[in-house]
Amino acid sequence: MNLFDVYSLWDIEPIKAEGCKVWDTKGTEYLDLYGGHAVISIGHSHPHYVQALQEQVARLGFYSNSVQNSLQHELGEKLGELSGYPDYSLFLCNSGAEANENALKLVSFHTRKRRVVAFREAFHGRTSGAVAVTDNAAIQAPFNQGHEVTFLPLNNLEAVERELCKEDTAAVLIEGIQGVAGIFVPDTVFLQGVRELCSRYETPLILDEIQSGYGRTGDFFAHQAAGIRPDIITTAKGMGNGFPIGGVLISPNFEAKKGMLGTTFGGNHLACAAAIAVLDVIKEEALMKNAREMGAYLTDKLSTIEGIGAIRGRGLMLGVTFRQQDATIRNELLSRHHIFTGGARNNVMRLLPPLSIGYGEADHFLAALQETLNRPGDTIS
Ligand SMILES: Cc1ncc(COP(=O)(O)O)c(C=O)c1O
């Protein structure tokens, strides 16, 4: 059987990894500034994480959500404490799209409304509701287009108020920092204004922190820099450091009813063991502080490199543009210097390394980028 051919692949097969390093089948070492698409939070193959998973799978890998699972409670306790949301409750699922899908369902159950306000260039996943609130018609099938969604420009409070005053909106959904769009940080006053409007019009505010959460920006969730508290927060990616797990953090205003949400695999024993290990390491190794410091270091050094246009983002969620729009820069970094970086819309290079990245690794990348940009035009134009 062939694989359904939907991905554009680099001709590299990683078979081993440790911290910020990855090795392929030929033994070539790569520096990972992509984090497997913002997924690797505590570093590849962290020994505490490996041990926790090995011990858990040897004991019990899976049962079901019809029995007690104290690992889910331990995860909820630790996540509540480290994220600053101990009074919220947690619904566990398996991916980012699923977290958003459940969040959208929950607000619609709660408000009995259908329409969602989302933002231009937003990405929220590929399941039916999640892709409907994603501003990319190319990945929506006709089946996904029956949802009521209004896309507004980011940072335009009047536009938000114009929609919310119609009082037919089930939720406002926004990314903590827009990732796939090319790293666009919502203005602090905008986020505060949206919070205020959502409260005034009794419309739940959902923060999608699937890419921008889990310590990546130096705060546990990116929106915390604006001092706001959403009604619902969705998370995935860094939560399991590669083990598939997603979560919905739900404010006490929402009432749970038996059967309203559910999943077979969500919150299984192995996923919880992975997610608990991630939180332990983030705390013990002060990885949010490291994300803040290394993000500031990278931003500072990048701003001195000739040829760089804009640097956006916070912590270890950075977007870099180049004066000379050149799609080959990332390819050069990969093929000549063996450095993975992320792409994004609008020719933006995304830096999403493990939160454990150190100065030596950052300097290695900076030197390689400098060298790539300095090379004669015929190689990169
Ligand atoms: C902000 C955001 N939301 C949702 C998703 C979807 O997550 P998943 O691919 O785990 O379904 C992504 C994935 O890139 C994302 O960046």
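The values are calculated or read from the model by the stated rules, or taken from the named source; none is laboratory data. Given the structure is predicted, the values throughout are model-derived calculations rather than measurements. When we count neighbours, we look across all protein chains shown, and the Cβ atoms used for this are built from the backbone with ideal geometry, even at glycine.
Residue-by-condition table, conditions (1) modelled with pLDDT under 95; (2) under 28 Å from Glu285 (Cβ atoms); (3) of a type in the set (Gly, Ala, Ser):
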{"site": "Pro186", "(1), (2), (3)": "no, no, no"}
{"site": "Leu191", "(1), (2), (3)": "no, no, no"}
{"site": "Leu197", "(1), (2), (3)": "no, no, no"}
{"site": "Asp208", "(1), (2), (3)": "no, yes, no"}
{"site": "Ile228", "(1), (2), (3)": "no, yes, no"}
{"site": "Asp231", "(1), (2), (3)": "no, no, no"}
{"site": "Phe243", "(1), (2), (3)": "no, yes, no"}
{"site": "Lys258", "(1), (2), (3)": "no, no, no"}
{"site": "Gly266", "(1), (2), (3)": "no, yes, yes"}
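For region 136-148, state whether one or more residues are closer than 30 Å to Leu316 by Cβ, assigned to a helix (DSSP H, G or I) and within 16 Å of the ligand (Cβ to nearest atom).
Residues of region 136-148 closer than 30 Å to Leu316 by Cβ: 136, 138-139.
Next, only the ones that are assigned to a helix (DSSP H, G or I) stay: 138-139.
If we keep only those that are within 16 Å of the ligand (Cβ to nearest atom) as well, we get 138-139.
Checked against the condition, which is being closer than 30 Å to Leu316 by Cβ, assigned to a helix (DSSP H, G or I) and within 16 Å of the ligand (Cβ to nearest atom), region 136-148 yields at least one hit.
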Next item on the list: Examine region 75-86 for a residue that is within 15 Å of the ligand (Cβ to nearest atom) and under 18 Å from the mean Cα position of the chain (by Cα), and state whether such a residue exists.
Entry: no
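Would you check if there is a residue in region 94-102 being modelled with pLDDT of 95 or more, closer than 26 Å to Thr134 by Cβ and of a type in the set (Asp, Glu)? Don't jump to the end; show me each part of the working.
The initial filter retains those residues of region 94-102 that are modelled with pLDDT of 95 or more, namely 94-102.
Those still in the list that are closer than 26 Å to Thr134 by Cβ too: 94-102.
From what is left, the residues that are of a type in the set (Asp, Glu) are 98, 101.
Looking for residues that are modelled with pLDDT of 95 or more, closer than 26 Å to Thr134 by Cβ and of a type in the set (Asp, Glu), one finds at least one in region 94-102, hence yes.
What about Gly213, is it in the same structural domain as Asp87 (by TED's automatic domain parsing), surrounded by 24 or more Cβ atoms within 10 Å (Cβ to Cβ) and within 14 Å of the ligand (Cβ to nearest atom)?
Numbers: in the same structural domain as Asp87 (by TED's automatic domain parsing): yes; surrounded by 24 or more Cβ atoms within 10 Å (Cβ to Cβ): yes; within 14 Å of the ligand (Cβ to nearest atom): yes.
Considered against the rule, which asks whether it is in the same structural domain as Asp87 (by TED's automatic domain parsing), surrounded by 24 or more Cβ atoms within 10 Å (Cβ to Cβ) and within 14 Å of the ligand (Cβ to nearest atom), Gly213 comes out as yes.
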Margin query: As an exercise: evaluate Val107 against (1) away from the ligand (no atom under 14 Å from the Cβ); (2) surrounded by fewer than 18 Cβ atoms within 10 Å (Cβ to Cβ); (3) under 18 Å from Ile174 (Cβ atoms) and give the number of the one condition it does not meet.
Written below: (2)
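Need a quick list: strands (runs of 3 or more DSSP E) entirely within region 244-339 having at least 2 residues that are more than 30 Å from Thr28 (Cα to Cα).
Filter on region 244-339 gives 246-250, 308-314.
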Next item on the list: Taking Ser89 as meeting all but one of (1) more than 30 Å from Ala344 (Cβ to Cβ); (2) surrounded by 14 or more Cβ atoms within 10 Å (Cβ to Cβ); (3) in contact with a helix residue (DSSP H, G or I) (Cβ under 6 Å, 6 or more places away or on another chain), write down the number of the exception.
Entry: (3)
Next item on the list: Identify, by number, the condition in (1) part of a helix (DSSP H, G or I); (2) within 16 Å of the ligand (Cβ to nearest atom) that His124 doesn't meet.
Entry: (1)
Checklist line | Residues of region 33-54 satisfying the condition of being buried (at least 24 other Cβ atoms within 10 Å of the Cβ) and either of a type in the set (Ser, Thr, Tyr) or in contact with a Cys (Cβ under 7 Å, 6 or more places away or on another chain) (or both) | finding: Tyr34, Ser41, Gly43, Tyr49
Next item on the list: Hey, can you tell me all the residues within region 149-196 that are away from the ligand (no atom under 14 Å from the Cβ), under 30 Å from Phe322 (Cα atoms) and assigned to a loop (DSSP other than H, G, I, E, B)?
Entry: Pro153, Asn155, Asn156, Asp187
Check: From the residues in region 26-45 that are in a loop (DSSP other than H, G, I, E, B) and touching a Pro at 6+ places or on another chain (Cβ under 9 Å), which one is farthest from the ligand (Cβ to nearest atom)?
Finding: Gly43
Notebook entry, point to check: Among Glu55, Glu18, Glu81, which is the only one that is under 24 Å from Arg229 (Cα atoms) and either acidic (Asp, Glu) or in a loop (DSSP other than H, G, I, E, B) (or both)?
Noted result: Glu81
Notebook entry, point to check: Name the pairs: first residue in region 192-221 and within 20 Å of Ile357 (Cα to Cα), second residue away from the ligand (no atom under 16 Å from the Cβ) and of a type in the set (Val, Ile, Thr), Cβ to Cβ under 7 Å, at least 6 apart or on different chains?
Noted result: Gly215/Ile282
Note to self: Looking at region 222-241, can you tell me whether even one residue there is touching a residue at least 60 places away in the same chain (Cβ under 8 Å), closer than 27 Å to Ala17 by Cα and surrounded by fewer than 23 Cβ atoms within 10 Å (Cβ to Cβ)?
What the structure shows: no
Item checked: Cβ pairs under 8 Å, 6+ apart, first in region 92-116 and free of Cβ contacts under 8 Å to residues at least 60 places away in the same chain and in the same structural domain as Leu71 (by TED's automatic domain parsing), second crowded, with 23+ Cβ neighbours inside 10 Å and of a type in the set (S, T, N, Q) -> Lys113/Thr169; Arg115/Thr169; Val116/Thr169
